[in-house]
Amino acid sequence: MKKGFNKITAALFAAGFALNVQAADITIAYDADPVSMDPHEQLSGATLEMSHLLFDPLVRWTKDFDFEARLAEKWERIDDTRVRFHLRPGVKFHSGNEFTADDVVWTVNRLKGSADFKAIFEPIADVVKVDEHTIEIVTKGPYPLVLNTVTYIFPMDSKFYSGTTEDGKDKAEVVKHGGSFASTHTSGTGPFKLVFRQQGVKVEYQRNPDYWDSSSPGNVDKMTLVPIKEDATRVAALLAGDVDFIKPVSPNDHDRVKSADGVKLVTLPGTRIITFQMNQDSFEPFRDVRVRQAINYAINQDGIVQRIMRGFATTAGQQAPAGYLGHNPDLKPRFDLDKAKALMAEAGYQDGFKVSMIAPNNRYVNDFRIAEAVKAMLARINVDVDLKTMPVAQYWPEFDKCAADMLMIGWHSDTEDTANFSEFLTMTRNSETGRGQYNCGHYANPELDSLIEAANLETDTTKREAMLQQAEKMLHDDAAFVPLHWQNLAWGARDNVQAEPIVNAMDFPYLGDLVVKE
């Protein structure tokens, strides 16, 4: 690690970071830290990455999108609606409590009550304890995505999270942005324990000496994560030797990392869709399909990918990326400025209108630059955009309130399945089921809802693919939202940080298995 004492070094030193670290003690800089330590409070990439550090899932995805046994050693389907999971014995939570089937039952019931996760778990009717280390997942009907869903079960320590706090609050309560017990207290089975956290400053993790997975190659003893919002500053910290691993690396900075000594750029194709939603609840003109189509025709996705993303993304005309069951190859980006102007005039808005827009400035690659480009493009059809960008810690509470006429959101399918995009982004908002939880466009189409629900019960792959492709066509024709691109992924690392085996297209590296060479 270089010893140059520049302004980045000074900032890290002021935050409490030691500059002389051992080989297995590393500092990671990323664009935004999780809003909470509660794995059920916020459905986001930062939360999932934290969950893989402090907790363990029953099953997790491999790099090749296969399933890998974790806290569930094996499983078998009993019948059309029942899958049995055999849990790993001898595992202990950080508190010292033993991991049992009771913890899985408790966790799934809590997930079904979480505003962010209930839609994923809606097909699950029940979770049944068979014995101390066996459970059965029971679905409401034939369901093709049981294992996909189980990757989101990170068993929590039910004894640790039960009861009341000193001020009488329920320790198990899930509170969005509310500072609950679970948001600041942790007990999981994961490879690391939480040592210290100051929101927006740093999070410190210490290796769990009693971790059950003795086969893990991970040799990091202490891991410090520090949020650095600015892309260029994050890269500068890596090049100066002040941090060991960064995410993401903006396309603007790829050449800097590739040409520097002692560091490397690690990349993967991505499947996260970046979109804008058009809020039909707050802005009446968006209820007119011609206006929504005009917005779509006015935005040059290819231009954004080439000029802002430097080609490090794939333009999108739908939610589902190529390779997903349900991707419709007939749906392409539709930039046509003359067509956009004609549609605006046909709808009676040739003179345009003014809309509010919000976007994060540290959540997605080049997010605020993309928002600025969209604002400029919409000006060409006389749409005056009042744009506000903000750090993700402030953005999510505003998004949850749908507090603008146009809102940016990126989405990686939680189940690595096309239906999940619609379940959260385009199905009719339903607080009871969790459907449409992130649908701030307030798009509502009963036909789409029925099609997605039917697809989620269809176990014939060919039939299910046709249904999901039909759903994508329906959303495209209805201009339900504005698809921009699928975001590719890039990380930067010191040469001795073996990042390649632990990064994945899900964008939550399995840091518990990270190896740092001497």
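The rows are residues; the columns are (1) open to solvent by less than 20 Å² (accessible area, probe 1.4 Å); (2) under 20 Å from N420 (Cβ atoms); (3) not aromatic (F, W, Y).
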residue	(1), (2), (3)
F121	yes, yes, no
K129	no, no, yes
I137	yes, yes, yes
S158	yes, no, yes
Being open to solvent by 10 Å² or more (accessible area, probe 1.4 Å) and part of a helix (DSSP H, G or I) is the filter here; which residues of the stretch 297-314 pass it? Y297, D302, Q306, R307, I308
Would you check if there is a residue in the stretch 498-512 being free of Cβ contacts under 8 Å to residues at least 40 places away in the same chain, open to solvent by less than 20 Å² (accessible area, probe 1.4 Å) and in a loop (DSSP other than H, G, I, E, B)? yes
Given the criteria aromatic (F, W, Y), on the phi < 0 side of the Ramachandran plot and within 21 Å of the chain's Cα centre (by Cα), does F99 qualify? no
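Whether any residue in the stretch 16-24 is open to solvent by 20 Å² or more (accessible area, probe 1.4 Å), touching an Asp or Glu at 6+ places or on another chain (Cβ under 6 Å), at pLDDT below 95 and of a type in the set (G, A, S) is what I want to check. Full working, then the answer.
Applying the first criterion (open to solvent by 20 Å² or more (accessible area, probe 1.4 Å)) to the stretch 16-24 yields 16, 18-23.
Those still in the list that are touching an Asp or Glu at 6+ places or on another chain (Cβ under 6 Å) too: 23.
Next, from what is left, pick out any that are at pLDDT below 95: 23.
Going one step further and asking which of them are of a type in the set (G, A, S), we end up with 23.
Scanning the stretch 16-24, I find at least one residue that is open to solvent by 20 Å² or more (accessible area, probe 1.4 Å), touching an Asp or Glu at 6+ places or on another chain (Cβ under 6 Å), at pLDDT below 95 and of a type in the set (G, A, S), so the answer is yes.
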Just the residues that are acidic (D, E) and not in a loop (DSSP other than H, G, I, E, B), please, taken from the stretch 31-55. E49
Consider G326 against the criteria (1) open to solvent by 50 Å² or more (accessible area, probe 1.4 Å); (2) in contact with an Asp or Glu (Cβ under 9 Å, 6 or more places away or on another chain): it satisfies all of them except one. Which criterion is unmet? (1)
Assess whether A232 counts as being open to solvent by 20 Å² or more (accessible area, probe 1.4 Å) and either in contact (Cβ under 8 Å) with a residue 12 or more places away in the chain or touching a Ser or Thr at 6+ places or on another chain (Cβ under 8 Å) (or both). yes
Name the pairs whose Cβ atoms lie under 7 Å apart, with the first residue in the stretch 56-72 and in a strand (DSSP E or B), the second of a type in the set (S, T, Y), and 6 or more positions between them or separate chains? V59/T151; R60/T151; W61/T151; E68/T62
Filter result (aromatic (F, W, Y) and either surrounded by 21 or more Cβ atoms within 10 Å (Cβ to Cβ) or touching a strand residue (DSSP E or B) at 6+ places or on another chain (Cβ under 7 Å) (or both)) within the stretch 346-386: F353, Y364, F368
Which one of these does A294 not meet: (1) at positive phi; (2) open to solvent by less than 20 Å² (accessible area, probe 1.4 Å)? (1)
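Looking only at residues in the stretch 68-81 that are within 28 Å of the chain's Cα centre (by Cα) and open to solvent by 70 Å² or more (accessible area, probe 1.4 Å), which one is farthest from L194 (Cα to Cα)?
Within the stretch 68-81, the subset within 28 Å of the chain's Cα centre (by Cα) is 68-75.
From the residues that got through so far, the ones that are open to solvent by 70 Å² or more (accessible area, probe 1.4 Å) too are 73-75.
Details: E73: 26, K74: 29, W75: 31 Å.
Applying the filter and picking the extreme gives W75.
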Please indicate, with yes or no, whether at least one residue in the stretch 200-215 is surrounded by fewer than 17 Cβ atoms within 10 Å (Cβ to Cβ), without any contact (Cβ under 8 Å) to a residue 12 or more places away in the chain and farther than 30 Å from K63 by Cβ. no
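Identify the residue in the stretch 255-278 that is more than 22 Å from the chain's Cα centre (by Cα) and open to solvent by less than 20 Å² (accessible area, probe 1.4 Å) and, among all such residues, is nearest to V291 (Cα to Cα). Quick ask: steps written out before the conclusion?
Let us first name the residues in the stretch 255-278 that are more than 22 Å from the chain's Cα centre (by Cα), namely 255-264.
Subset that is open to solvent by less than 20 Å² (accessible area, probe 1.4 Å): 257, 263.
Values: V257: 43, V263: 48 Å.
Among residues in the stretch 255-278 that are more than 22 Å from the chain's Cα centre (by Cα) and open to solvent by less than 20 Å² (accessible area, probe 1.4 Å), the one nearest to V291 (Cα to Cα) is V257.
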Residues that are free of Cβ contacts under 8 Å to residues at least 12 places away in the same chain: which helices (runs of 4 or more DSSP H) entirely in the stretch 322-413 hold 2 or more of them? 337-346, 367-379
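Okay, residues lined up against (1) among the polar types (S, T, N, Q); (2) at pLDDT below 95; (3) outside any helix (DSSP H, G or I):
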residue	(1), (2), (3)
G434	no, yes, yes
G441	no, no, yes
L451	no, no, no
E458	no, yes, yes
A466	no, no, no
A471	no, no, no
D477	no, no, no
W486	no, no, yes
For the stretch 57-114, which positions are under 20 Å from D513 (Cβ atoms) and polar (S, T, N, Q)? T62
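The values are calculated or read from the model by the stated rules, or taken from the named source; none is laboratory data. All values reported here derive from a predicted model rather than from experimental measurement. With ideal geometry, Cβ positions are generated from the backbone for all residues, glycine too; neighbour counts draw on all protein chains shown. Note: accessible area is taken over every heavy atom of the protein model, side chains too, but ligands, DNA and RNA are not part of it. Shrake-Rupley method; radii C 1.70, N 1.55, O 1.52, S 1.80 Å.
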